[in-house]
Structure formats: structure tokens, C-alpha cells
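Remarks on the structure that follows.
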Amino acid sequence: MVGYEALVKRLRKIKDMGYIKTHRAGNTGVGKTLEDLLGITENNIPGTNAGMIELKSARKNATSMITLFTKSPLPKRANSVLLARFGYASARGNNRKELHTTVSAREFNTIKGKLGFKIDISADRLNLIVSSREIVGYWDKETLKKCFERKLPKLLLCKSRSKGRWG
């Protein structure tokens, strides 16, 4: 477990190294490289990744969003229902469906050219709705609170400069 001050000191040493070739291509390259340099084993567990600090990284010029945590919607098995109802053929050609989308509270997104989902905010939960206003999933306030508290007791965002092509 690394304390905040020790982590900042290690990050400054990494910064002093100058440009470092990423250990992986694409959007996750900066994070993977930073974790490697800090000796943090890559994982997908729901807790923090540097002691009590959640470490996130991004390129300074990146326009992609940063995922703070993921949480399947309720009720139970909602992901299976959403996949069956709104999923599309997998690009892997394995006769399976997949569903990848980013949802906003501002407007309905599109999924493979069709109107998709939107977040509708109420006092005690976030509802995932379709254009007919049907609620197809939700996240209640208490569940989201627990997710934030477990994953993000402290958050440290590291931004890096990049050279060359990385997409």
C-alpha cells in the first residue's frame, strides 16, 4: 500500500524520465505504462489500484471519456435483457451479440444507426430509458453511492503528453 505523498514522489520521478514509449498501443497505453512503472499489477477488481487511491490516466490531447467505474444496471439480469433486445451481431463473427455504447443524460444516443438510450435522472435513481420513455434498466442512489465509496475514496488523475501516432 502506497501513501499519497509516496505516490506523488514516484510520479515525479516518472515525469523526470521524459518521454516513455507506451507498453501498449491504443487508448489504454498510458494507463498500462504508468501502472507498469509504478509496479501496479493490471486488474479489473472493483477496488482502488494504488492503496486507497484510484489512479486514472489519459493523454492531454485525448477527447475520450474516462471511466470511473462500471456497474451493471438493475434489475438483476438487465444486461442479458438489454443484450437480447438491443444487441447486434458481434464483429468477431462468432454468432454472438454484443452491445457497446456510451449513454448521456442530454440526448438519446445511437446504436448502429438506430436511436438508443438516454439517462433520465430522478431523485433517487438514474433510469436507462428508450425513446418511448420505457425504463429498460436503472441504478439506484444507494448502489451508486457504494460504488463511488468503494472505488473512489481518493482519485488521482495523471495526464501525459504524447508524441507520434497512438490511435
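The values are calculated or read from the model by the stated rules, or taken from the named source; none is laboratory data. Being a predicted model, the structure only gives us computed values, none of them experimental. Neighbour counts run over all protein chains shown; Cβ positions are idealised from the backbone, glycine included.
The table below lists the values:
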{"read-out": "Where K154 falls short, out of the listed (1) over 30 Å from M17 (Cβ atoms); (2) at pLDDT below 95; (3) charged (D, E, K, R)", "value": "(1)"}
{"read-out": "Cβ pairs under 7 Å, 6+ apart, first in the stretch 148-161 and in contact (Cβ under 8 Å) with a residue 24 or more places away in the chain, second of a type in the set (D, E)", "value": "K151/E54; L152/E54; K154/E54; L155/E54"}
{"read-out": "Every pair of residues 6+ apart whose Cβ atoms lie under 8 Å, when the first sits in the stretch 86-108 and is of a type in the set (S, T, Y) while the second is exposed (fewer than 10 other Cβ atoms within 10 Å of the Cβ)", "value": "T102/M65"}
{"read-out": "Filtered residue count, the stretch 41-73, keeping only those that are modelled with pLDDT of 70 or more, touching a helix residue (DSSP H, G or I) at 6+ places or on another chain (Cβ under 8 Å) and under 15 Å from V30 (Cβ atoms)", "value": "6"}
